[in-house]
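What follows is a set of notes on a single structure, which appears directly below.
The values are calculated or read from the model by the stated rules, or taken from the named source; none is laboratory data. As the structure is a computational prediction, the values presented were derived from the model and not from experiment. So basically every Cβ, Gly included, is an ideal-geometry build from the backbone, and we count neighbours across all protein chains shown. When the accessible area is computed, the model is the full protein with side chains, heavy atoms only, and any ligands, DNA or RNA have been set aside. Shrake-Rupley method; radii C 1.70, N 1.55, O 1.52, S 1.80 Å.
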Amino acid sequence: TGWRTYRRPDDKSGGHGVGWSPIIPYSFLVPQDFEEVPVSIADLGGTEIDLRFASSKEGRLFVIVAPVLRFADNLGDDATIQKIGPPEKVISAFGPEVIGENIEGKVLSMKTVEHDGRMYYQYELEPPHVLITATAAGNRLYLFSVTGSGMYWSSMEEALPGFKEDIRVFSCSLVLDLPGL
């Protein structure tokens, strides 16, 4: 599978409420055969899903852009993921929305990574192999989730020894395009 970089267009509408900071453009790597699919308020995650990609054979991904006010009302307009809380708090708040069920006992790993001065939380949840990256900027939390289909995941693990690391790079490739950083 080849990869391409997706960057959120500057002029893409957001529709996430009055008083919101503009959505900061973000970019990430996406497999060549993933196609962008329409977002519906009926989706798990509802109106907070900013975009979705999917492949019938490989899996799906989506980006949630949520208000930091879900965590606290005193974070201001320049929130960081650290101000929102520790990794456990963030995954406890959003994990159930991402996988559609309680996450208790399903988090296989979590770590923090810094990229260009911004902190990102990264998680791996048990099969069906959900990888999540989260960060915050402005008054929004940005959460990137990729789910590999069981059949695709299994076949790729056998065919390519570095597949899990490649997928982690893919899932951790969410980068906010912040001026001055």
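Laid out as a table, the results:
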quantity	calculated
Within the stretch 134-153, considering residues that are assigned to a loop (DSSP other than H, G, I, E, B) and small (Gly, Ala, Ser), the one modelled with the lowest pLDDT	149
Pick from the stretch 55-81, criterion assigned to a helix (DSSP H, G or I) and out of contact with any Gly (no Cβ under 9 Å at 6 or more places or on another chain), ranking: nearest to residue 2 (Cα to Cα)	81
Residue list for the stretch 102-133, filter: in a strand (DSSP E or B) and touching a residue at least 60 places away in the same chain (Cβ under 8 Å)	115, 118
Candidate set: the stretch 111-133, residues that are surrounded by fewer than 17 Cβ atoms within 10 Å (Cβ to Cβ) and hydrophobic (A, V, I, L, M, F, W, C); chosen: the one modelled with the lowest pLDDT	113
The one condition in (1) open to solvent by 20 Å² or more (accessible area, probe 1.4 Å); (2) within 26 Å of residue 22 (Cα to Cα) that residue 91 fails to fulfil	(1)
Where residue 52 falls short, out of the listed (1) at positive phi; (2) open to solvent by less than 80 Å² (accessible area, probe 1.4 Å)	(1)
Restricting the stretch 84-110 to residues that are modelled with pLDDT under 90 and within 21 Å of residue 138 (Cβ to Cβ), the residue that is farthest from the chain's Cα centre (by Cα)	93
Residue identified as without any contact (Cβ under 8 Å) to a residue 12 or more places away in the chain and among the acidic types (Asp, Glu) among 77, 73	73
Counted residues, the stretch 111-151 - those being more than 27 Å from residue 33 (Cβ to Cβ), of a type in the set (S, T, N, Q) and under 15 Å from the mean Cα position of the chain (by Cα)	1
